[in-house]
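Below is one structure; the comments refer to it alone.
Nothing in this text is a laboratory measurement; each read-out follows from the coordinates by a stated rule. Just so you know, these numbers come straight off a predicted model, no measurement behind them. Ideal geometry is used to build each Cβ from the backbone, glycine not excepted, and the neighbour counts take in all protein chains shown.
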């Protein structure tokens with residue numbers, strides 16, 4: 001007659017052994033992979049300093065409007081932190097589309113920014 005209790009223990013032990021051996025294999029994998037990753041990972045990227053010239057902030061609305069006032073209020077703090085001047089450039093017309101077009105056609109170097117109202121986030125035409 002087969003002893004059911006011993007059979008269950010044997011199955012449980014084999015499952016636990018397989019689980020332990022899998023955990024052991026994974027831990028061994030990480031013990032090998034982690035030092036290799038650290039060894040071949042550069043300590044830092046060879047990034048260029050930013051910004052190195054003036055930042056241009058395009059405002060697509062008339063001077064004295066809400067976006068112009070907001071841009072002029074935050075620009076001094078950004079100038080202080082970045083060490084570069086922030087030039088606020090108003091390009092009013094077509095409900096801000098002219099200013100957005102100037103930014104879209106600017107060089108993609110991160111030196112031309114667009115100041116826009118929160119309502120633009122809900123416009124589907126943009």
- Just one of the numbered conditions (1) in a loop (DSSP other than H, G, I, E, B); (2) touching a helix residue (DSSP H, G or I) at 6+ places or on another chain (Cβ under 9 Å) is not true of residue 87; which one? (1)
- Message: Quick check on region 75-84. Is at least one of its residues surrounded by 16 or more Cβ atoms within 10 Å (Cβ to Cβ), in a helix (DSSP H, G or I) and free of Cβ contacts under 8 Å to residues at least 60 places away in the same chain?
- Response: yes
- Query: Within region 85-119, can you find the residues that are within 9 Å of residue 55 (Cα to Cα) and touching a residue at least 40 places away in the same chain (Cβ under 8 Å)?
  - Reply: 110, 111, 112, 113
